[in-house]
Amino acid sequence: MKWAIEIEDLTVAYQQKPVLWDIDTAIPVGQMTAIVGPNGAGKSTLLKAVLGIVRPVAGRIRVLGKPFQPHERRVAYVPQRAELDWEFPATVLDVALMGTYGRLGWLRRPGRTERAIAQAALERVGLTELANRPIGQLSGGQQQRVLLARALAQEADIYLLDEPFQGVDAPTEAALLDVLRWLKAQDKTVVIVHHDLSTVAEYFDWVVLLNVQCIACGPISEAFTPENLRRTYGGRTVVAVEEPKAL
Amino acid sequence: MDFTLRVVMTGAALLGLISGALGTLAVLRRQGLIGDAVSHAALPGIVLAFLISGSKAPVVLQLGAAVSGTLALLWVQTILRTTRIRFDAALGMALAVFFGIGVVLLSLAQHTAGAAQAGLDRFLFGQAATLLRADLMVMAIVGVTTFFLVVALWKEVKLVLFDADYARALGLPVRRLEMLLIVLLVVAIVIGLQTVGVVLMSAVLIAPGAAARQWSKRYGQVFLLAGFFGLLSGATGAWLSSLAPRLPTGPIIVLLLSFLATLSLFVAPERGLLWQYRKRKKAARNAQQAVLTVLRELERRHPHEARPHPAASIQTLLGPEVPVNAILRQLERHGQVQHEPGRGWRLADRNPEATHESRS
Amino acid sequence: MSPALEIQLVAVLTAMACALPGAFLVMRRMSLISDAISHAVLPGIVLGFLLTHSLHHPLLLLLAGAAGLLTVYLIELLEKTGRLREDAAIGLVFPALFSIGVLLIARFADQVHLDTDAVLLGELAFVPFDRLQWQGYDLGPQALWTMGGLCFLNLLLVGLFYKELKLAAFDPAYAAVIGFRPVLLHYLLMSAVAVTIVAAFHAVGAILVIALMIAPPATALLLARRMPTYLLYSVLAGVLSAVPGYGMAWLLDVSIAGSMATMAGVLFVVVWLIAPEDGLWARWRRRKKQQIDFALDLLLLHLLHHEHQVTALDERHPDTLPQHLNWTETALQRILKAGEQQGLVRITSGEVHLTQAGRERAQNRLEMLTPAQRLTSRPSMIPAEPLPLPQTRLRPHSRDQEKSVL
């Protein structure tokens, strides 16, 4: 099986505290993978490390066999809604268009092609009527959709989403899931930091259980077991090491 | 010691004490630049006070400064409550607009009051040398009053500063307490203006608190320490500036404070960068075993691949005080670990022949 | 060109040049950097003066610009240690640099009139006197060329990098992921800010630059919801501060720079009051409408509740209603009038009756209430508080809510 993302020895520290430690894992191509774990487990940090937004202190990450290069635009990112300033003066279409900026590169302006791509993305997520709505007037679910549209407009191969179903209503969740399944049907890789354990088995093919370390990873049937869940969520131990003898 | 010098030193020390301690009210809320805003916004009040009363007595001018400074902050507060505009923009706008109004009034005063207003813009740039005993009295009284208020309302002040929601839930009159804190801050700023001037005021408010914060987490200690730093810098700065001609007091105090703050960043225990360096040295003695343990654990987690591991993985786990690299090199000398350049470290195999094989 | 016209032209160009980078600063929550830079450039200017013995040598501008960038760099360095927040970093760096500048002046330039006053306050009135001469031709005031050039450069910057600046301001993480370098763009913007400040304050002084960078974009924020309109309104607001500012200064014979800053504030207040949707008056009207709507609902529900009770005749009498509903007489009259106007109630033979429309609306409201609420819906005037706006920071790692000054 081909791997979309391969991670070796990844350690990320924030102010000298380990956020991710010695992560070894791989995410398969063309599947829907969930990253789950308790709060503070480093799930968002894992995505950001793959994208190069966060610098690890150690480790190697390969995306589709090579180190991640931003200008190749093969990876799309849907961040958590709360990380953005929704009062920003922009419309829904503006944000969707941002997904096409990568293919334009520096200085070039979005033209008819880009507009068409953005419109198609908006249609795919069901926001066509709201194209000219300022983003400050969107509901949570609509915000999530527009971020997904932006990622779709990128026409990437790998999609990384950070808690996209957090705080959205059931119809929106279903709509988003539809789009993601459509992506999978196109052989795209979808990786989602997921907050809801009850839907993991239903939505996903592959899972990574994370709590600062990688507790387990693999197909749902093998890795998503009660024992592994207990080890992931049961207390915030970083490493079980016997006490050093002479101090 | 010369009388003027004594007065200036006392004045500067009082300024440092009061501004430093009360400045923590703003700094600890990440709103340190309120000082800058109030200082600039004080100008129209100062000029108006002069135009209305015809007097340039510091108390009069300070009163005017306090009024217009408070008005500016109230304006900022209202903008924050009723628009999308954020704190920094509201503050910056109030600062510049009020100052602009002050400049207009100043130029008006230039026509009407003639040469009499010449001393007004000294207020802008600070001239510690013009401090009089009477000014010291005012500063002392104000200082004592504000300190007394803060101490008397200590618990409430702490709550309002750090957990306003909880304070509200307890039934405390949060709005009124916040108003009080604003007034205290404005007062502290206003009495310091004539010593250091408008531009430098924010340093006198922020630097002591920022420095003190590096040394302690408890607000009481931060409050007192900030006051102390301010007092020290004020007195020393005033003395230093007397040593040579043409050394204005305000800038010297500010540079001293900046130095103190930077020093605190490096030297303070726990958080200071140098302190951590010292702890590393100490930990080196005891940490060999810990390093080996972690390395063993790393290898245990990868049983099927005999892979070297980066030192950073060990470092992150053991924390910054442990000099992992130095210890690894030591262990290598003892033959307990092996290094593969560019890849990392692994435990040495017990079998010496195997060691040679794995190297090739 | 008359001197008056020249001054106004320079003023307008300055306002336009400042509004553009200022708009981005305001949007990115970095307005106070302009305050910091405008003060911290002093040592650069003084150094340049000491080296060239002239107040007009371009080296001054260069060194001042370098000082500006140094300021930004130092502030970010301090923030990166993780031990100081942004406001503390700013408030430490610029006074220290300014102090160095003042000390340099006091020690080495005391005899020359390099007044901190002049540096801080500037004076537009002198603009016509400083002329650009070339080969014997008078090309107009130097400031006109400087500010015109600056305006052009800033327009070019924003025009060329429009989508990049927009993206980096909205979502720097995403910008990094797709290959635009937000750090580069950040320094590009900061350089533009520094250069603008340095060039502008020779004519208008440090404080007016700050006013022109912050107030017009803040005004624009009250009106615009899209980037192009936001930028346009920022520039427009700048121009509308400059021209009336000059008028005010001419009328009252006061500082031109100060007047322009004042007018920028006045413009903000005016827009603050009358902006559609976001303005104070619009909000007040919305709130009043909400209050009336709510009270009407209560009245209708009350009428519905007592509609078929034979014994409850006085429950519908205008005179006794105030008692039952716990309202004042005037309040009741107002509500009744609104109710009549909207066709929800009818007042006949001394009694208040529901119309069909009124009945439908009351029943509608009733359905929306849960059983628990139905029991406790005693009518009273509950004022509707304006909801606090949610605030999230742009930079991911801090999510502070700053709703009050202290």
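Working only within the stretch C:55-90, note down all residues that are without any contact (Cβ under 8 Å) to a residue 12 or more places away in the chain and touching a helix residue (DSSP H, G or I) at 6+ places or on another chain (Cβ under 7 Å).
Selection gives C:H57, C:L59, C:E79, C:T81, C:R83, C:L84, C:E86, C:A88.
Which of the numbered conditions does C:A224 fail, given that it passes all the others? Conditions: (1) more than 20 Å from C:T14 (Cα to Cα); (2) under 19 Å from the mean Cα position of the chain (by Cα); (3) part of a helix (DSSP H, G or I).
Exception for C:A224: condition (3).
Could you please give the count of residues in the stretch C:5-46 that are under 19 Å from C:A67 (Cα atoms) and not in a helix (DSSP H, G or I)?
Number of matching residues: 2.
Exactly one condition in (1) surrounded by fewer than 24 Cβ atoms within 10 Å (Cβ to Cβ); (2) more than 8 Å from chain C (Cβ to nearest Cβ); (3) in a helix (DSSP H, G or I) is not met by B:K217; state its number.
Among (1) surrounded by fewer than 24 Cβ atoms within 10 Å (Cβ to Cβ); (2) more than 8 Å from chain C (Cβ to nearest Cβ); (3) in a helix (DSSP H, G or I), the lone unmet condition for B:K217 is (3).
Could you say whether any residue in the stretch B:50-68 is within 12 Å of chain C (Cβ to nearest Cβ) and either surrounded by fewer than 24 Cβ atoms within 10 Å (Cβ to Cβ) or in contact with a helix residue (DSSP H, G or I) (Cβ under 7 Å, 6 or more places away or on another chain) (or both)?
Checked against the condition, which is being within 12 Å of chain C (Cβ to nearest Cβ) and either surrounded by fewer than 24 Cβ atoms within 10 Å (Cβ to Cβ) or in contact with a helix residue (DSSP H, G or I) (Cβ under 7 Å, 6 or more places away or on another chain) (or both), the stretch B:50-68 yields no hits at all.
Considering each residue of the stretch C:235-264, count those that are over 25 Å from B:T112 (Cα atoms) and facing chain B (nearest Cβ under 7 Å), and give that number.
Summing the residues that are over 25 Å from B:T112 (Cα atoms) and facing chain B (nearest Cβ under 7 Å) in the stretch C:235-264 gives 1.
Considering only the stretch C:158-183, state which residues are surrounded by fewer than 18 Cβ atoms within 10 Å (Cβ to Cβ) and under 16 Å from C:P21 (Cβ atoms).
C:G159, C:L160, C:Y162
I need a count of the residues in the stretch A:14-30 that are more than 29 Å from A:A156 (Cα to Cα) and surrounded by 18 or more Cβ atoms within 10 Å (Cβ to Cβ).
Keep residues of the stretch A:14-30 that are more than 29 Å from A:A156 (Cα to Cα), which gives A:14-18.
Next, from what is left, pick out any that are surrounded by 18 or more Cβ atoms within 10 Å (Cβ to Cβ): A:18.
Residues flagged as more than 29 Å from A:A156 (Cα to Cα) and surrounded by 18 or more Cβ atoms within 10 Å (Cβ to Cβ) within the stretch A:14-30 amount to 1.
Does any residue of the stretch B:276-285 turn out to be within 11 Å of chain A (Cβ to nearest Cβ) and either closer than 26 Å to A:E8 by Cα or at pLDDT 70 or above (or both)?
Checking the stretch B:276-285: not a single residue is within 11 Å of chain A (Cβ to nearest Cβ) and either closer than 26 Å to A:E8 by Cα or at pLDDT 70 or above (or both).
Just the residues that are touching a helix residue (DSSP H, G or I) at 6+ places or on another chain (Cβ under 8 Å) and in a helix (DSSP H, G or I), please, taken from the stretch B:158-173.
B:K158, B:L159, B:V160, B:L161, B:F162, B:A164, B:Y166, B:A167, B:R168
Restricting to the stretch C:34-53, give me the number of residues that are touching a Gly at 6+ places or on another chain (Cβ under 9 Å) and not charged (D, E, K, R).
Here the count works out to 13.
So which residues in the stretch C:221-234 are closer than 12 Å to B:R84 by Cβ, at the interface with another protein chain (Cβ under 9 Å from one of its Cβ atoms) and among the hydrophobic types (A, V, I, L, M, F, W, C)?
Matches in the stretch C:221-234: C:L221, C:L222, C:A224.
Table: residues versus (1) buried (at least 19 other Cβ atoms within 10 Å of the Cβ); (2) within 11 Å of chain B (Cβ to nearest Cβ).
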position	(1), (2)
C:S2	no, no
C:A36	yes, yes
C:V72	yes, no
C:I90	yes, yes
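Yes or no, residue by residue, for (1) in contact (Cβ under 8 Å) with a residue 40 or more places away in the chain; (2) more than 13 Å from chain B (Cβ to nearest Cβ); (3) in a strand (DSSP E or B):
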site: A:A4; (1), (2), (3): yes, yes, yes
site: A:D9; (1), (2), (3): yes, no, yes
site: A:L20; (1), (2), (3): yes, no, yes
site: A:T25; (1), (2), (3): yes, no, yes
site: A:P38; (1), (2), (3): yes, yes, no
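State whether one or more residues within the stretch A:91-102 are assigned to a helix (DSSP H, G or I) and either touching a Cys at 6+ places or on another chain (Cβ under 6 Å) or among the aromatic types (F, W, Y) (or both).
Among the residues of the stretch A:91-102, at least one is assigned to a helix (DSSP H, G or I) and either touching a Cys at 6+ places or on another chain (Cβ under 6 Å) or among the aromatic types (F, W, Y) (or both), which makes the answer yes.
Every residue in the stretch A:66-96 that is over 30 Å from C:L222 (Cα atoms) and in contact (Cβ under 8 Å) with a residue 12 or more places away in the chain, please. So that I can check it myself, show each step before the final result.
At the first step, the residues of the stretch A:66-96 found to be over 30 Å from C:L222 (Cα atoms) are A:66-77.
Once the filter is applied, which keeps residues that are over 30 Å from C:L222 (Cα atoms) and in contact (Cβ under 8 Å) with a residue 12 or more places away in the chain, the stretch A:66-96 yields A:F68, A:P70, A:H71, A:R73, A:R74, A:V75, A:A76, A:Y77.
Can you pull out every residue in the stretch C:247-262 that is in contact (Cβ under 8 Å) with a residue 40 or more places away in the chain and surrounded by fewer than 21 Cβ atoms within 10 Å (Cβ to Cβ)?
The one that is in contact (Cβ under 8 Å) with a residue 40 or more places away in the chain and surrounded by fewer than 21 Cβ atoms within 10 Å (Cβ to Cβ): C:W250.
What do you reckon, is C:L189 in a helix (DSSP H, G or I), surrounded by fewer than 16 Cβ atoms within 10 Å (Cβ to Cβ) and either of a type outside the set (S, T, N, Q) or within 12 Å of another protein chain (Cβ to nearest Cβ) (or both)?
Here the answer is no, as C:L189 does not meet what is asked.
Just wondering, is there one or more residues in the stretch B:123-130 that are modelled with pLDDT under 90, assigned to a loop (DSSP other than H, G, I, E, B) and more than 8 Å from chain C (Cβ to nearest Cβ)?
yes
Return the residues of the stretch A:105-140 that are in a helix (DSSP H, G or I) and under 22 Å from the mean Cα position of the chain (by Cα); say none if nothing qualifies. Even if it seems obvious, please write down each step before you answer.
Of all residues in the stretch A:105-140, those in a helix (DSSP H, G or I) come to A:112-125, A:128-130, A:135-137, A:140.
Those that are in a helix (DSSP H, G or I) and under 22 Å from the mean Cα position of the chain (by Cα): A:I117, A:A118, A:A120, A:A121, A:L122, A:E123, A:R124, A:V125, A:I135, A:G140.
So which residues in the stretch A:80-106 are modelled with pLDDT under 95 and over 18 Å from C:L165 (Cβ atoms)?
Result: A:Q80, A:R81, A:A82, A:E83, A:W86, A:R103.
Among what's in the stretch A:60-89 and is outside any loop (DSSP other than H, G, I, E, B) and buried (at least 21 other Cβ atoms within 10 Å of the Cβ), pick the residue that is farthest from the other protein chains (Cβ to nearest Cβ).
Per the stated criteria, the residue is A:V63.
Of the conditions (1) buried (at least 24 other Cβ atoms within 10 Å of the Cβ); (2) free of Cβ contacts under 8 Å to residues at least 60 places away in the same chain; (3) of a type outside the set (V, I, T), C:L221 fails just one. Which one is it?
The failed condition is (2).
Tell me the residue from C:L336, C:L366, C:L303 that is at pLDDT 50 or above, in contact with a strand residue (DSSP E or B) (Cβ under 6 Å, 6 or more places away or on another chain) and part of a helix (DSSP H, G or I), please.
Residue meeting the stated conditions: C:L303.
Within the set of pairs 6+ apart or on separate chains, which have a first residue in the stretch B:248-272 that is under 14 Å from C:F98 (Cα atoms), a second that is modelled with pLDDT under 80 and buried (at least 22 other Cβ atoms within 10 Å of the Cβ), and C-beta atoms under 8 Å apart?
As it stands, the answer is B:P248/B:G126; B:P248/B:A128; B:T249/B:G126; B:T249/B:A128; B:G250/B:G126; B:G250/B:A128, since those pairs meet every condition given.
Please work out if A:V92 is of a type outside the set (F, W, Y), over 16 Å from the mean Cα position of the chain (by Cα), more than 10 Å from every other protein chain (Cβ to nearest Cβ) and buried (at least 19 other Cβ atoms within 10 Å of the Cβ).
Yes, satisfied.
Spot the failing condition for A:R145; the list is (1) surrounded by fewer than 18 Cβ atoms within 10 Å (Cβ to Cβ); (2) in a helix (DSSP H, G or I); (3) within 21 Å of the chain's Cα centre (by Cα), and only one is missed.
(1)
Which count do you get for residues in the stretch B:134-156 that are touching a Gly at 6+ places or on another chain (Cβ under 8 Å) and either small (G, A, S) or loosely packed, with under 13 Cβ neighbours inside 10 Å (or both)?
Residues in the stretch B:134-156 being touching a Gly at 6+ places or on another chain (Cβ under 8 Å) and either small (G, A, S) or loosely packed, with under 13 Cβ neighbours inside 10 Å (or both): 0 in total.
The values are calculated or read from the model by the stated rules, or taken from the named source; none is laboratory data. Here the structure is a predicted model, which is why all the values come from computation and not from measurement. Every residue, glycine among them, receives a Cβ derived from its backbone with ideal geometry; neighbour counts consider all protein chains shown.
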